[in-house]
Amino acid sequence: MTDRARATSLLLASALLIASAGVHALMGWRDLRTDLAALHVNPRLAGVLGAGWQFGSVSLLAFGLIALTAGSARWRGDPVASVTLWVPAAALAGFGTGALLLVGYEPFYFGYILLGILLALGAKSPAAARSR
């Protein structure tokens with residue numbers, strides 16, 4: 001895989017992550033809050049769930065900014081510390097896989113796995129790829 005292909009993978013992942021962070025924060029929470037109210041969930045519990053939900057949104061944004069920074073550097077041919085990409089790649093793919101196993105088949109969770117794969121593709125060090 002070329003440096004430009006790695007950069008493209010990272011830039012695509014960054015666009016998807018940043019966009020999904022906003023959707024997750026605004027639309028996703030609105031829908032979940034409505035469902036919780038319909039179930040008459042204790043407002044304190046709903047508040048705690050809301051805080052966790054928004055932390056997930058901030059995490060998606062942070063992962064997107066990491067991917068954007070690394071993708072831009074890769075595009076310019078600058079070195080990128082691969083570990084900064086492997087951590088969110090593993091977190092996203094692991095979350096998607098775990099959710100599929102715990103919740104059951106829900107196509108939505110494949111998106112997290114795809115994002116993890118895109119980050120992993122961009123994370124591979126060009127030097128490591130040349131040594132093989």
Q: Could you tell me which numbered condition I66 fails, if it satisfies all but one of (1) in contact with a helix residue (DSSP H, G or I) (Cβ under 8 Å, 6 or more places away or on another chain); (2) modelled with pLDDT under 95; (3) of a type outside the set (G, A, S)?
A: (2)
Q: Filter the stretch 102-120 down to residues that are aliphatic (A, V, I, L, M) and at pLDDT 95 or above and give me whichever is farthest from the chain's Cα centre (by Cα).
A: L102
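The values are calculated or read from the model by the stated rules, or taken from the named source; none is laboratory data. Since the structure is predicted, the reported quantities are computational estimates derived from the model, not experimental observations. No Cβ is skipped: glycine too gets one built from the backbone with ideal geometry, and neighbour counts run over all protein chains shown.
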